[in-house]
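Here the structure comes first, spelled out in structure tokens, and everything after it is commentary.
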Amino acid sequence: MTDRPLAAIILAAGQGTRMKSGKHKVLHPIAGKAMLDHLLDTVDSLNVEQTVVVVGALREQIEQSAADRDVKFAVQFDQLGTGHAVLQAKAELTGFEGNILACFGDVPMVQPETIAAMIAKLESDAGIACVVLAFRPRDTKAYGRVIADENGLISKMVEHKDATAAERGVNLCNSGLLIARSSDIFSLLEKVSNDNVQGEYYLPDMVTVALGEGRSCAVIECAEWEVAGINSRAELAAVEKDWQVRRRVQAMADGVSLIAPETVWFSHDTEIAADVTVEPNVIFGPGVTIASGATIYGHSHIEGATIGPNTNVGPFARMRPGAVMEEGSKIGNFVEMKKATLGKDAKASHLTYLGDAEVGEGANIGAGTITCNYDGYFKYKTVIGKGAFIGSNSALVAPVTIGDGAMVGAGSTLTKDVAAGDLALVRAEQSKKAGWATRFNAVSAKKKAGK
């Protein structure tokens with residue numbers, strides 16, 4: 001990397017009509033994070049000095065989404081092409097001296113290492129006016145071609161429709177991303193013509209302008225997935241799928257056992273340690289951390305949760321934000337946790353809801369137990385002590401505290417605290433009517449036969 005400052009211009013002014021959505025295209029998520037945020041995080045990792053997002057349609061959504069980020073906004077009121085869009089950022093970068101990256105909000109997967117390589121190429125020769133990012137796709141389709149020599153110096157960039165048969169045989173394709181010095185990028189773009197079928201000013205045409213002035217332009221190559229553009233729901237799904245494949249491969253390389261990798265879905269920020277086992281059909285939402293030795297059984301959905309070492313989750317478990325499982329604890333099938341802590345070696349094996357709760361070490365929560373934490377207006381907390389035993393089908397009406405070593409009889413509805421070591425029973429006395437069932441069955445069978 002160079003010591004020269006870096007600025008980024010992110011183009012996000014397009015309508016995105018093919019998404020058929022009321023949400024701006026670049027705000028649609030990949031792995032639980034908006035496309036735009038993927039790209040902003042990438043440029044931030046390169047210590048970018050200034051970032052300008054060029055907005056247009058649905059600009060308010062983008063401005064609100066990035067309100068807590070150190071970015072500026074420029075407005076492209078008329079959709080006159082990508083070159084025109086970059087020029088709209090000129091005023092916001094007045095006085096900036098350094099390198100300027102031009103990229104696209106709907107091409108969110110470009111990697112920091114790739115941008116660093118573009119910068120290094122630009123800095124390697126003062127005579128290079130700009131560096132273009134290109135790729136070699138499996139299908140060249142109608143991509144523009146980059147004609148370059150073995151040193152990466154460009155002799156021509158040509159649109160597919162204008163290319164000769166020989167040029168179409170070249171599989172090095174233009175991604176649209178480029179980097180140039182602040183002293184060059186705007187001056188070159190101001191010379192770009194809109195003499196084309198669309199009547200637009202295209203960003204790549206600045207390369208043609210530079211070559212026409214006898215300047216050099218260079219190309220850097222990257223993997224196809226880094227520059228996959230997203231213009232439709234199908235393309236969004238394809239990029240998501242590709243991201244998930246790479247993340248699964250990385251997880252397994254890091255020592256995670258995925259029984260059926262293709263069925264596990266990660267979030268952009270999932271932290272999962274070695275020696276974790278994940279069964280099929282598990283979904284990780286944002287904010288999940290999983291320690292070594294944990295087993296996540298099938299069909300579980302986890303978000304905003306911290307899962308400690310040697311724990312068991314599921315199958316068919318749901319962990320919501322604020323759920324914490326300490327070492328050796330267990331939740332089983334059809335257990336839901338929300339803003340609750342399950343202490344060391346505690347367990348809730350089945351059919352339980354723990355919300356706004358603190359469960360002590362070694363406690364046992366019986367099947368069908370619920371913490372009644374909400375009265376329709378406010379949330380209240382349940383505290384269950386160390387070694388406590390909660391019998392099946394119990395309702396703990398918060399706020400309530402069950403002391404260490406206390407027991408709650410099955411079928412109880414508790415509204416008062418239980419002291420340590422006590423037994424609490426809230427249950428009607430069982431009565432018996434001898435022979436009643438036999439007489440009832442006989443009479444009922446006779447009536448039915450008579451009909």
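The values are calculated or read from the model by the stated rules, or taken from the named source; none is laboratory data. None of the values given here were measured: they were computed from a predicted structure. Using ideal geometry, Cβ is built from the backbone for each residue, glycine included, and neighbour counts are taken over all protein chains shown. Note: accessible area is taken over every heavy atom of the protein model, side chains too, but ligands, DNA and RNA are not part of it. Shrake-Rupley method; radii C 1.70, N 1.55, O 1.52, S 1.80 Å.
Per the 1.4 Å probe, what fraction of the accessible area of segment 355-451, in percent, lies on carbon and sulfur atoms? Could you put the intermediate results ahead of the total?
Numbers: 3500 of 6190 Å².
The C+S portion of the solvent-accessible surface of segment 355-451 is 57 percent.
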Inset, instruction - Classify segment 85-137 as rounded, prolate or oblate, taking a ≥ b ≥ c as the square roots of the eigenvalues of its Cα gyration tensor: rounded when a/c is under 1.5, otherwise prolate if a/b is larger than b/c and oblate if not. - result: oblate
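Averaged per residue, what accessible area in Å² does the chain show with a 1.4 Å probe, protein chains only? All intermediate terms of the calculation are to be shown ahead of the outcome.
Working: 21460 Å² over 451 residues.
That works out to 48 Å² per residue.
Taking all protein chains in place and a 1.4 Å probe, what share, in percent, of the accessible surface of segment 270-348 do carbon and sulfur account for?
Values: 1420 of 2950 Å².
Of the solvent-accessible surface of segment 270-348, carbon and sulfur hold 48 percent.
Semi-axes, largest first, in whole Å: what does sqrt of 5 times each Cα gyration tensor eigenvalue give for segment 199-335?
Each semi-axis is √(5λ); the values are 44, 15, 13 Å.
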Legend entry - Residues in segment 183-218 that a label on L80 would reach, taking backbone N under 19 Å of a point 7 Å out along Cα→Cβ: 185-207, 209
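Tell me, what is the percent relative contact order of the chain, built from C-alpha pairs under 8 Å that lie six or more residues apart? Mind showing how you got there, number by number?
On the way: 1105 pairs, mean separation 38.2, N = 451.
Taking the mean separation of contacting Cα pairs over the length of the chain, I get 8 percent.
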Legend entry - Helix-derived mean residue ellipticity, 222 nm - over the chain, DSSP H n ≥ 4, -39500 (n - 2.57), to 500: -6000 deg cm²/dmol
Inset, instruction - Consider just the alpha-carbon atoms of the chain and return their Rg together with their Dmax, both in angstrom. - result: 30.9, 108
Inset, instruction - Give me the angle, in degrees from 0 to 90, between the Cα long axis of helix 436-450 and the longest principal axis of the Cα atoms of the chain, rounded to the nearest 10. - result: 70 degrees
Legend entry - Percent carbon-and-sulfur accessible area, segment 5-151, ignoring ligands, DNA and RNA, probe 1.4 Å: 46 percent
